[in-house]
């Protein structure tokens, strides 16, 4: 499952780095989003027979986790600058 999503994730990360996202925001940082998404998809397979797991769902959820983490960093940085004189 990771192999199919890996190409999408790496292309997305390279694009984010070109846009100025710090290099420490990398595949390791996306791993938590990927693992949680994969766990949810495997749970669907085990507990919801009418639902089918999807690699596309895992990739989209992982990308969403990366975007959410990036937005959280931006929000925290803005909040920090607003609080500090």
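Residue 57 satisfies every condition listed in (1) outside any loop (DSSP other than H, G, I, E, B); (2) modelled with pLDDT under 75 except (2).
Each residue in region 8-30 was checked for being assigned to a helix (DSSP H, G or I) and either touching a helix residue (DSSP H, G or I) at 6+ places or on another chain (Cβ under 8 Å) or modelled with pLDDT under 75 (or both), and 10 pass.
The values are calculated or read from the model by the stated rules, or taken from the named source; none is laboratory data. Keep in mind it's a predicted model, so treat the numbers as computed, not measured. As a convention, Cβ positions derive from the backbone with ideal geometry for all residues, glycine included, and neighbour counts pool all protein chains shown.
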